[in-house]
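The structure under discussion appears below in the form of structure tokens.
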Amino acid sequence: MLRLNGLVQDKRKFADIAHAVIFPAPDAIVGSERKHARTYEGGLRYDRALGPADDLELVGSYRSVTTVGIDRESTAWEYSVSDERSNASEAILRAALRHHRGGATIEIGAEGAVNSLDVRNALVEDGEPVPLPQANVRVAERRAELFVTASRPFGARTMAEFGVRYEISRLSQTGDIDLVKSFAFWKPRARLVWAPAPNRTIRLLAERAVGQLDFGDFVGAASLTSGTISAGNADLEPDSLWRVELSYERRFGAGSFTLAARREWISDLVDQLPVVVDGVLYDAVGNIGAARRDTVEASLKWPLDGFGARGVVVTADFVARRGRATDPATGERRPISGDLPVEARVARAHDIPAWMLRWGGSYAFARTETAFKVEEIEADHLAGRLDLFVEYRPDARWTLRLFGKNLTDSAATRTRDIYAGIRGDGALRYRELRVLRSGRYVGLTVQRSFGG
């Protein structure tokens with residue numbers, strides 16, 4: 001069986017921004033943000049049985065994104081323009097051969113990927129170009145992975161799975177800096193599944209994982225909105241971790257409850273750190289050493305048919321994280337930048353087949369994301385938000401969906417504590433508070449599917 005898919009997307013975003021400065025001197029700042037992204041995607045999947053016990057799977061995909069972002073900001077005395085242009089692409093090919101015997105399965109395969117990012121960033125203030133560290137860079141990666149996995153039952157209630165992956169990659173940078181690095185990682189994995197009762201399952205997982213680099217972290221950029229310049233980090237390497245997870249699942253009819261606890265020991269954590277370029281201190285993303293993260297997750301799917309609410313399903317998800325790393329700016333232990341301490345969401349959906357209708361909504365509880373930068377601590381707080389939708393399917397091919405987002409008109413608040421120099425050495429200069437209200441908005445999507 002051969003399946004093909006494709007996507008062409010043209011996305012444009014814009015915002016007009018105004019700041020009223022009250023202290024220490026009155027001022028007015030106006031600006032605009034414009035971003036245009038064009039995406040092309042294509043993929044294929046080929047499955048074929050090679051006999052009663054063997055089958056082959058081939059998966060390929062390609063994705064290309066071209067982005068142009070132009071920001072402007074002006075006061076009575078200054079005028080600045082930030083111009084960011086990038087071309088990113090990713091091509092992946094994966095092949096796997098599976099052999100089944102009884103309840104046991106052996107899978108062997110390989111995966112190859114070619115990724116690239118070409119960026120040209122510029123900053124102009126009052127007509128004069130401002131140098132940005134590593135602003136014109138091309139990053140390319142060639143990665144290959146070999147893997148083998150075996151699983152088999154042990155009795156009627158226990159299943160064991162063991163596997164190992166070997167990943168090699170070559171990362172090259174050209175432009176403002178020329179550098180080539182090679183990496184190799186072993187990634188073993190073991191999972192044990194035990195079902196003490198037909199409606200209960202306990203899973204134990206132990207594995208090693210390797211993070212994927214964000215190529216944008218290799219490139220310097222300017223943010224007019226926050227008034228900061230960040231440097232690219234040519235020495236950035238992927239982090240790796242050992243993960244142990246224990247989960248419990250309880251099923252009741254079409255519903256289920258899952259609780260999982262996870263601990264991760266991280267090496268070469270990718271986080272914020274200071275770098276010096278041509279004698280100037282900048283904030284950048286880099287490897288800051290060892291860290292640890294503990295996570296607890298819970299999810300609930302609860303159909304209410306038994307309570308007389310036919311077709312109504314309530315779902316809830318909750319995640320709590322606690323990560324600890326050594327801050328390179330202060331030497332003290334702190335949370336991991338970008339980790340959300342708590343995430344929670346509840347949703348309700350109601351299917352009415354007789355009317356070919358489905359409607360519902362969700363509420364995402366407030367959450368806060370914190371970044372520990374060189375000379376500042378930035379906290380982004382997103383208040384709780386309510387979304388609703390109504391979906392109508394006149395037949396199997398057509399879907400009409402009316403939705404409303406952020407119906408609570410909740411605000412996004414950014415707090416920045418700015419220090420006089422590197423945190424830990426300099427005193428707090430001031431605190432900046434910004435409140436953004438994007439407002440309520442509604443939309444309509446029309447979808448038609450083709451083929452069988």
- Query: Right, residue 289: farther than 19 Å from residue 191 by Cβ, touching a residue at least 12 places away in the same chain (Cβ under 8 Å) and surrounded by fewer than 15 Cβ atoms within 10 Å (Cβ to Cβ) or not?
  - Reply: yes
- Task: Check off (1) open to solvent by 90 Å² or more (accessible area, probe 1.4 Å); (2) over 26 Å from residue 372 (Cα atoms) for residue 431 and give me the number that stays unchecked.
- Result: (2)
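Yes/no matrix, rows are residues, columns are (1) modelled with pLDDT of 95 or more; (2) in contact with a Cys (Cβ under 6 Å, 6 or more places away or on another chain); (3) buried (at least 17 other Cβ atoms within 10 Å of the Cβ):
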{"site": "306", "(1), (2), (3)": "no, no, no"}
{"site": "310", "(1), (2), (3)": "no, no, no"}
{"site": "322", "(1), (2), (3)": "yes, no, no"}
{"site": "330", "(1), (2), (3)": "no, no, no"}
{"site": "335", "(1), (2), (3)": "yes, no, yes"}
{"site": "341", "(1), (2), (3)": "yes, no, no"}
- Based on what the data block shows, is residue 104 in contact with a strand residue (DSSP E or B) (Cβ under 7 Å, 6 or more places away or on another chain), at pLDDT 95 or above, within 30 Å of residue 46 (Cα to Cα) and of a type outside the set (Ser, Thr, Tyr)? no
- Query: Just one of 20, 25, 122, 76 is open to solvent by 40 Å² or more (accessible area, probe 1.4 Å), in a strand (DSSP E or B) and at pLDDT below 90; which is it?
  - Reply: 20
- Which one of these is at negative phi, under 24 Å from the mean Cα position of the chain (by Cα) and not β-branched (Val, Ile, Thr): 378, 391? 378
- Here are some residues: 231, 197. Which one is over 25 Å from the mean Cα position of the chain (by Cα) and aliphatic (A, V, I, L, M)? 197
- Message: Suppose we filter segment 345-387 for residues that are closer than 15 Å to residue 312 by Cα and assigned to a strand (DSSP E or B); how many remain?
- Response: 13
- Can you find a residue in segment 155-178 that is without any contact (Cβ under 8 Å) to a residue 12 or more places away in the chain and closer than 22 Å to residue 284 by Cα? yes
- Identify, by number, the condition in (1) within 25 Å of the chain's Cα centre (by Cα); (2) closer than 29 Å to residue 298 by Cα that residue 162 doesn't meet. (1)
- Query: Going by the structure shown, is residue 379 out of contact with any strand residue (DSSP E or B) (no Cβ under 6 Å at 6 or more places or on another chain), open to solvent by less than 60 Å² (accessible area, probe 1.4 Å) and touching a residue at least 24 places away in the same chain (Cβ under 8 Å)?
  - Reply: no
- Task: Answer yes if at least one residue in segment 206-220 is more than 26 Å from residue 242 (Cα to Cα), of a type outside the set (Val, Ile, Thr) and over 23 Å from the mean Cα position of the chain (by Cα), and no otherwise.
- Result: no
- Which is among the hydrophobic types (A, V, I, L, M, F, W, C), open to solvent by 40 Å² or more (accessible area, probe 1.4 Å), touching a Lys or Arg at 6+ places or on another chain (Cβ under 6 Å) and modelled with pLDDT of 90 or more, of 388, 407, 402, 444? 407
- Could we say that residue 367 is within 30 Å of residue 426 (Cβ to Cβ) and loosely packed, with under 15 Cβ neighbours inside 10 Å here? no
- Item | Wholly enclosed strands (runs of 3 or more DSSP E) of segment 209-266 bearing at least 1 residues open to solvent by less than 70 Å² (accessible area, probe 1.4 Å) and touching a Ser or Thr at 6+ places or on another chain (Cβ under 7 Å) | 221-223, 240-252
- Some residue of segment 356-363 being without any contact (Cβ under 8 Å) to a residue 40 or more places away in the chain, under 30 Å from residue 289 (Cα atoms) and surrounded by 15 or more Cβ atoms within 10 Å (Cβ to Cβ): no
- Yes/no for residue 7 being open to solvent by 50 Å² or more (accessible area, probe 1.4 Å) and either in contact with a Leu (Cβ under 8 Å, 6 or more places away or on another chain) or among the acidic types (Asp, Glu) (or both): no
- Spans of strands (runs of 3 or more DSSP E) in segment 394-452 with at least 2 residues under 26 Å from residue 20 (Cα atoms): 412-419, 428-436
- Query: Which number in (1) exposed (fewer than 15 other Cβ atoms within 10 Å of the Cβ); (2) closer than 30 Å to residue 282 by Cα; (3) at pLDDT 90 or above marks the one condition that residue 425 misses?
  - Reply: (3)
- Message: Among the residues in segment 32-43, are any among the hydrophobic types (A, V, I, L, M, F, W, C) and surrounded by 15 or more Cβ atoms within 10 Å (Cβ to Cβ)?
- Response: yes
- Of (1) of a type outside the set (A, V, I, L, M, F, W, C); (2) more than 30 Å from residue 119 (Cα to Cα); (3) open to solvent by 70 Å² or more (accessible area, probe 1.4 Å), residue 182 satisfies all except one. Which? (2)
- Considering residues that are of a type in the set (D, E, K, R) and in contact with a helix residue (DSSP H, G or I) (Cβ under 6 Å, 6 or more places away or on another chain), the number found within segment 251-308 is 0
- Task: Considering only residues that are of a type in the set (D, E, K, R) and modelled with pLDDT under 95, look in segment 139-179 and name the one that is least open to solvent (accessible area, probe 1.4 Å).
- Result: 176
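The values are calculated or read from the model by the stated rules, or taken from the named source; none is laboratory data. Please read all numbers here as calculations on a predicted model, not as lab measurements. All Cβ positions, even for glycine, are placed from backbone atoms using ideal geometry, and neighbour counts span all protein chains on display. Keep in mind that these areas ignore ligands, DNA and RNA; they rest on the heavy atoms of the full protein, side chains included. Shrake-Rupley method; radii C 1.70, N 1.55, O 1.52, S 1.80 Å.
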